[in-house]
1. Restricting attention to the range 630-646, which residues are crowded, with 19+ Cβ neighbours inside 10 Å and not charged (D, E, K, R)?
2. Which of the following residues is outside any loop (DSSP other than H, G, I, E, B) and modelled with pLDDT under 95: Phe344, Phe393?
3. Give the residue, chosen from Pro688, Pro650, Pro660, that is surrounded by fewer than 19 Cβ atoms within 10 Å (Cβ to Cβ), more than 40 Å from the chain's Cα centre (by Cα) and closer than 27 Å to Arg604 by Cα.
4. Pairs under 7 Å by beta carbon, first residue within 12 Å of His535 (Cβ to Cβ) and assigned by TED's automatic domain parsing to the domain that holds Leu533 in the range 495-508, partner at pLDDT 95 or above and assigned to a loop (DSSP other than H, G, I, E, B), six or more apart or different chains?
5. Of all residues in the range 500-534, which are farther than 24 Å from Ile563 by Cα and assigned to a helix (DSSP H, G or I)?
6. Among Ser876, Ser871, Ser848, which is the only one that is at pLDDT 85 or above, assigned to a loop (DSSP other than H, G, I, E, B) and outside the structural domain of Arg299 (by TED's automatic domain parsing)?
7. For the subset of the range 798-818 comprising residues that are under 38 Å from the mean Cα position of the chain (by Cα) and surrounded by 14 or more Cβ atoms within 10 Å (Cβ to Cβ), which member is farthest from Leu724 (Cα to Cα)?
8. With Ser601, Ser620 as the choices, which residue is surrounded by fewer than 16 Cβ atoms within 10 Å (Cβ to Cβ) and either modelled with pLDDT of 85 or more or part of a helix (DSSP H, G or I) (or both)?
Amino acid sequence: MTEAEYQRRLEAAGQKVFGKDVTLPRGRTETLKLCKRFLKLKEQRIKQRHRAGAGGMEICRMRSDVMDYLVRLIWEESMASLTPEIRRKIHVSVVAHGGYGRRVMSPGSDVDLTFMIPGNSSNVSPELAKLIGDYLLFLYDMKLKVGHGTRSVGDCLKLANESMETKTALMEARYLCGEEEAIQEFRQRFDQECMAGREAEFLKLRQEDLANRHGKYGGTNCVQEPNVKNGCGGLRDYQNLIWMTYAKLGTLNPQDLVKKGLLSPAGWKEIEQAYDFILRTRNEMHYTEKRATDILTLRLQGFVATNLGYRHKRILRRIEAFMRDYYMATRNVLQRSSEVMDRFHLQALEDESTRKGLLSFMVRRKVALNRPEKFDGFIAKNDRLFAEDSTIFKDDPTRLMRAFQHTQQRHLRLSPELFQLMQESFRMVNVSYRYNKSVRETFEAILSRKGDVARVMRQMHRVGFLGRYMPEFGALTCLVQHEFFHRYTADEHTLRTLDKLDELSGPPKPGLGLYQKLFHDLHQPEMLYLALLLHDAGRAANTKAHDAVSTLLADAVCRRLQIKGERRKLLLFLVDNHLLMYRTATTTNLDDPKVIGEFASIVRTKEYLDTLLVMTYSDSKGTSEASWSGYKEASIRQLYHNTLQYLDAPSDFMRRAAVPLDEVRAAVTKELGAEYDLEISAHFQHMPRSYFNFREPTQIAMHIRQFRLFFTQLMEEEAEAGLLPVMTWTDHVEQGYSELTVTCWDRHLLLARISGALSAESINVLSADLYQRGDNVVLDIFRVCNTNFAAVTSKTGRQRVEASVRQAFLAQKFDFGPAIAQSRKAMPGYDEVMAEIPQRVHINNDLSPDQTIIELQVVDRLGLLYDVFISIGKLSLNVTHARIGTEKGVAIDSIYVQDSNGRKLTNREDLDLLQKKIEEAVFG
């Protein structure tokens with residue numbers, strides 16, 4: 001529907017509701033009733049048109065036009081209710097500004113109005129103040145959100161010069177009704193008083209605002225829950241383009257950039273379509289939530305995708321298809337607006353260099369230092385790389401790759417002109433180009449330059465070259481990862497891993513010494529960079545085991561790039577095992593020497609181990625900061641150092657792991673003194689052998705002291721109180737967790753009591769070491785953190801946990817279910833999405849010779865561990881060890897169990913029953 005057609009329909013609808021040639025005033029009650037009826041009618045029809053597939057800009061313009069109609073009609077009604085004498089005193093322009101001013105109103109947008117008075121006087125007459133108050137009351141009674149101000153033209157201009165936000169809002173001021181004198185004066189004075197001579201300053205401030213806003217929202221458009229208004233590539237970036245165009249060209253229509261050669265026709269088409277899609281998305285968000293909202297949450301994505309017409313059978317597929325389109329749209333807005341801003345910046349530099357007669361010595365010196373440098377068909381100037389002419393790639397296609405090498409060696413960026421020329425030359429990147437020897441050697445040279453690889457890869461990806469040269473990576477572009485760990489799309493995550501690797505080549509940083517040293521000592525850094533580039537390539541195949549597919553794709557890349565021998569083996573090992581170290585460290589018992597031996601048998605050499613550690617660090621940090629918590633890092637480093645010792649001398653390592661208990665006992669006796677002889681004897685006689693593996697004598701001594709406290713309490717307190725557990729807390733603040741050590745008599749559902757108390761206080765269990773002595777007392781060590789992944793240092797929080805545990809011990813029956821349920825927060829729609837995330841309960845009887853392992857990969861919820869331990873306890877099984885992990889709403893747990901005789905489960909019926917009961921606990 002054209003704009004003119006809609007205006008005719010709007011007028012006809014208005015006449016049906018309000019009548020034609022009606023004598024004013026109608027009266028407040030009648031006018032309000034008719035306005036509400038008209039607004040409801042038009043809103044319903046606009047929403048129907050939106051759901052039928054109308055574009056975002058069209059819907060926003062329709063809503064703006066409806067609001068214009070009501071604003072003018074109510075103004076006429078308000079003015080008609082005044083006496084002729086008062087009407088003659090009223091000289092005001094009713095002006096729309098901001099989003100309403102540019103005629104872009106989403107369903108939840110504010111009605112932004114300025115009541116503008118001619119001249120510079122700030123005085124508002126009582127008659128005008130009453131008129132505006134009565135007028136606004138109409139809008140409030142219609143449940144509209146109104147942003148308003150009453151100011152003179154002079155005050156508006158003064159505020160515009162004081163506040164960038166006000167300046168951009170008034171830049172798009174649009175006359176609605178009232179007298180035109182004020183708005184005409186404003187238009188005559190705005191450019192002269194607010195813009196003339198300040199264009200360069202304005203553009204600089206817009207650039208700074210853009211950089212600060214992008215930094216605040218993650219520095220990328222590919223975040224898991226984007227902000228459609230203020231995020232990278234969002235609506236604000238398009239609006240920024242409008243404001244820059246006005247400052248540079250004096251027009252509010254960014255399409256004029258094409259006429260001035262600042263944006264290609266194809267570029268304008270991209271940005272216009274992208275902007276329309278983002279607006280359509282925002283409109284649907286407002287309709288779905290029935291209020292204004294700008295954050296496209298995981299919960300909201302399913303509703304929006306469905307209502308926008310994505311017809312995939314499974315909701316996750318709908319979300320993935322929709323979000324990929326969204327990321328593509330925001331990427332286009334981000335790239336094209338950045339391109340225009342860069343052109344403006346370069347023009348400003350050119351203008352500066354032409355004013356030689358006015359230049360100071362320092363500015364002339366700066367210009368001299370930035371004199372153009374010509375080489376290989378390119379020109380370097382103003383920190384950008386330009387092409388000498390438009391045929392350089394036709395003359396020599398290998399220059400496409402060399403261009404990026406030049407930007408790396410000279411620390412340059414692609415100029416907007418070269419960016420566009422490259423995109424027009426991509427048909428040259430074909431199969432023979434990918435096999436070209438010169439091209440692949442240049443590509444490897446880029447990858448081997450430690451510390452400046454990620455920046456160049458980002459340039460390649462931004463222009464679209466990387467995905468064409470390496471289709472395995474290109475398939476990841478804007479690919480949504482409904483994975484447990486990932487905050488970003490697959491391509492953005494991959495590039496962030498390269499960022500983290502580059503950072504290791506910089507100056508020494510606290511806590512990074514080991515990784516920096518290992519990276520510095522690597523002989524083949526290009527293989528590590530390439531492995532990171534390809535490690536998630538298999539995700540595009542949408543299979544469960546993406547690492548296996550990634551390895552096959554990496555092998556194809558090896559053939560194409562002629563990577564052979566040991567280099568090929570290293571690359572394929574890294575891609576195939578990029579999750580191995582993380583999974584081993586966070587899901588297995590690292591105190592078990594057999595775990596270390598099996599891991600070492602896969603890694604085989606120190607070079608592979610070192611490289612895998614650096615890759616694990618980069619991959620985890622590039623996933624999200626929460627994926628590299630202090631506790632997880634400590635576990636990974638423990639695995640690394642133990643494996644290093646094993647590789648150095650396997651037999652010595654195994655002997656150390658099984659260190660003679662006499663030596664350990666002697667060290668503990670020295671720590672505690674002779675007064676603890678009997679308790680030391682009991683401890684070493686009754687504790688399982690695995691307890692002493694890798695455990696320091698000081699820690700063993702601390703546990704014996706805690707057992708003494710328990711037995712002392714048993715003797716001194718009354719019967720029931722004496723049986724209560726003794727609990728101690730040890731903080732590991734830098735590693736982000738606390739240790740809760742519990743000693744008591746073993747009893748039925750012991751772990752359920754403790755885990756229930758922790759869940760009721762919203763405390764996460766990271767891992768647990770659970771030991772039962774032969775004399776029927778237990779030592780349970782829980783590593784826990786709060787919801788912010790920090791140590792549990794709150795004294796009152798600890799006291800509440802201890803009180804809950806004691807209460808559960810004293811009661812004949814206990815049930816933490818109600819307390820946990822009360823703490824849970826319902827999220828409508830979230831369960832529907834999470835229900836489609838692959839979940840499993842797997843009973844693994846192969847990993848350990850004497851323990852059965854329950855492997856969980858399920859949607860997390862408060863009290864999940866409590867429910868699982870209840871089920872295990874009811875089967876009379878003992879939990880010997882547990883590794884508990886929670887990533888992005890998903891629990892990834894490994895729980896080691898034995899029967900009442902201390903053996904693994906072997907009977908098929910027992911294993912099936914365990915599977916059934918755990919599934920019931922997990923899935924209901």
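The values are calculated or read from the model by the stated rules, or taken from the named source; none is laboratory data. The model shown is predicted, which means the values in this text are computed figures rather than measured ones. Cβ atoms come from the backbone with ideal geometry, glycine included; neighbour counts cover every protein chain shown.
1. Those that are crowded, with 19+ Cβ neighbours inside 10 Å and not charged (D, E, K, R): Tyr631, Ser635, Ile636, Leu639, Tyr640, Asn642, Thr643, Tyr646.
2. Of the residues listed, the single one that is outside any loop (DSSP other than H, G, I, E, B) and modelled with pLDDT under 95 is Phe344.
3. Numbers: Pro688 fails: closer than 27 Å to Arg604 by Cα; Pro660 fails: closer than 27 Å to Arg604 by Cα.
Answer to the selection: Pro650.
4. Pairs that qualify, where the first residue is within 12 Å of His535 (Cβ to Cβ) and assigned by TED's automatic domain parsing to the domain that holds Leu533 and the partner is at pLDDT 95 or above and assigned to a loop (DSSP other than H, G, I, E, B), are Leu498/Val453.
5. Scanning the range 500-534 gives Lys500, Glu503, Gly513, Leu514, Tyr515, Gln516, Lys517.
6. Step by step, each of Ser876, Ser871, Ser848 is checked, and only Ser876 is at pLDDT 85 or above, assigned to a loop (DSSP other than H, G, I, E, B) and outside the structural domain of Arg299 (by TED's automatic domain parsing).
7. Among them, the one singled out is Gly817.
8. Working: Ser620 fails: surrounded by fewer than 16 Cβ atoms within 10 Å (Cβ to Cβ).
Answer to the selection: Ser601.
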